[in-house]
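Peer 1: Before anything else, here's the structure in question.
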Amino acid sequence: MDNWDEIRTAYQVARLGTVSAAADVLGVHHATVIRHIDALEGRLGVKLFQRHARGYTATEAGEDLMRVGQATDDQFGQLEGRIKGRGSDVSGELVVTSLASIAPLLSPVLVEFQRDYPDLLIRYLTDARVFRLEYGEAHVAIRAGSVPQEPDNVVQRLGYLNVGLYASKSYVKEHGKPDGVEDFKNHRFVADDSLKTRAPFHKWLFEVSPRETHVFRGTDQLALENAVFAGAGIGFLPRFVGETRDDVVEVMEPLDDWHGNLWLVTHVDLHRTVKVQSFLTFLKDRAKHWI
């Protein structure tokens, strides 16, 4: 079995008999308890509990799991006693995740933080998918767009990402700039391949320009940015990128609808640890200069 969190949850439900009591002991939302139980039963292919009005009663399979959970919980308790106090420094791994498009901002911050704590191993994971903090996939996530809603996460606003609509000078030389939104139908655009994108600026572009004008499409923001540089069409760039390049021009004034909020997300179980708090404080200070 590769997920102790689910086993621990099932053990506490079997021991206490109700979802709410298990959630209190584990310090998680009751929805997390139900999700863990459902996932574990689905993986094992058996029912671990009989549900009834007063709570949960372990089946024979559930009682077997409870015995394993009890033994493992006891071993973790012994381990905790041996290593208590070792979590008071900033060392080991720090796993941070974000969209690749903010790597030019975040990577220097991570490097600077590591200089202050040279024993720290940094793992910086960039991917369009949402990493699951409740399963330990990352310590800190920086997410863009709407407010993250997972019940067991601590969410703080970090700022917002300014974006602008740009074209390469070579594109402008050949096609000119659009004369307002009404002229978009006569231009070529670099756009997200998915109409279900979470990026507010791409959603806006879908609303104001015909889909057939989106002649270069992709799923990775950095790939789309490079297509803009190469002259494929008009597209969005973070303004911190566009303002530092002399081969692109901004084709219109940015709109408030384009800017995406940036959120700091941590799991409640790790939020108060020295390592995570040290990094959050450091990042918030450096992020003041991003916006």
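The values are calculated or read from the model by the stated rules, or taken from the named source; none is laboratory data. Just so it is clear, the model here is predicted, and its values are computed rather than measured. Counting neighbours? That spans all protein chains shown, and the Cβs are built from the backbone with ideal geometry, glycine included. SASA here: full protein model, heavy atoms, side chains in, ligands and nucleic acids out. Shrake-Rupley method; radii C 1.70, N 1.55, O 1.52, S 1.80 Å.
Peer 1: Scan region 67-81 and give yes if some residue there is farther than 30 Å from Tyr117 by Cα, at pLDDT 85 or above and loosely packed, with under 13 Cβ neighbours inside 10 Å, otherwise no. I'd like the intermediate steps shown before the answer.
Peer 2: We begin by selecting, within region 67-81, every residue farther than 30 Å from Tyr117 by Cα; these are 67-75.
Those left that are additionally at pLDDT 85 or above: none.
No, every residue in region 67-81 fails to be farther than 30 Å from Tyr117 by Cα, at pLDDT 85 or above and loosely packed, with under 13 Cβ neighbours inside 10 Å.
Peer 1: Of the residues that make up region 4-14, is at least one loosely packed, with under 15 Cβ neighbours inside 10 Å and not in a helix (DSSP H, G or I)?
Peer 2: Here is the first cut: in region 4-14, the ones loosely packed, with under 15 Cβ neighbours inside 10 Å are 4.
Cutting the leftovers down to not in a helix (DSSP H, G or I) gives us none.
No, that holds for no residue.
Peer 1: Pull up region 254-275, narrow it to residues that are of a type in the set (S, T, N, Q) and part of a strand (DSSP E or B), then point me to the one that is modelled with the highest pLDDT. Spell out how you get there, then give the answer.
Peer 2: Applying the first criterion (of a type in the set (S, T, N, Q)) to region 254-275 yields 261, 266, 273.
Going one step further and asking which of them are part of a strand (DSSP E or B), we end up with 261, 266.
Details: Asn261: 84, Thr266: 93.
Out of the qualifying residues, it is Thr266.
Peer 1: Now a separate question. Against the definition (crowded, with 17+ Cβ neighbours inside 10 Å and either free of Cβ contacts under 8 Å to residues at least 12 places away in the same chain or under 21 Å from Leu161 (Cα atoms) (or both)), how does Val276 come out, yes or no? Even if it seems obvious, please write down each step before you answer.
Peer 2: Details: crowded, with 17+ Cβ neighbours inside 10 Å: yes; either free of Cβ contacts under 8 Å to residues at least 12 places away in the same chain or under 21 Å from Leu161 (Cα atoms) (or both): no.
No: the conditions fail for Val276.
Peer 1: Here's a follow-up. Hey, can you tell me all the residues within region 178-197 that are polar (S, T, N, Q), part of a loop (DSSP other than H, G, I, E, B) and open to solvent by 40 Å² or more (accessible area, probe 1.4 Å)?
Peer 2: Applying the first criterion (polar (S, T, N, Q)) to region 178-197 yields 186, 194, 197.
So of that shortlist, the ones also part of a loop (DSSP other than H, G, I, E, B) come out as 194, 197.
Of everything in region 178-197, just one residue is polar (S, T, N, Q), part of a loop (DSSP other than H, G, I, E, B) and open to solvent by 40 Å² or more (accessible area, probe 1.4 Å), namely Ser194.
Peer 1: Still on this structure, I have one more. Considering region 198-229 alone, what residues qualify as being charged (D, E, K, R) and part of a loop (DSSP other than H, G, I, E, B)? First the steps, then the outcome.
Peer 2: Filtering region 198-229 for residues charged (D, E, K, R) gives 198, 203, 207, 211-212, 217, 220, 225.
Residues satisfying the conditions are Arg198, Asp220.
Peer 1: Collect the residues in region 192-221 that are within 16 Å of Leu255 (Cβ to Cβ) and not acidic (Asp, Glu), keeping them in residue-number order. Before you say what the answer is, go through the steps one by one.
Peer 2: The initial filter retains those residues of region 192-221 that are within 16 Å of Leu255 (Cβ to Cβ), namely 199-209.
If the condition is that a residue be within 16 Å of Leu255 (Cβ to Cβ) and not acidic (Asp, Glu), then Ala199, Pro200, Phe201, His202, Lys203, Trp204, Leu205, Phe206, Val208, Ser209 are the ones that fit.
Peer 1: Right, here's the next one. Give the residue that is modelled with the highest pLDDT, with candidates limited to residues of region 198-253 that are open to solvent by 50 Å² or more (accessible area, probe 1.4 Å) and touching an Asp or Glu at 6+ places or on another chain (Cβ under 8 Å).
Peer 2: Arg217
Peer 1: Could you tell me which of the residues Asp220, Asp247, Asp152 is in contact (Cβ under 8 Å) with a residue 12 or more places away in the chain and in contact with a His (Cβ under 9 Å, 6 or more places away or on another chain)?
Peer 2: Numbers: Asp220 fails: in contact with a His (Cβ under 9 Å, 6 or more places away or on another chain); Asp247 fails: in contact with a His (Cβ under 9 Å, 6 or more places away or on another chain).
Going through Asp220, Asp247, Asp152 in turn, the sole match is Asp152.
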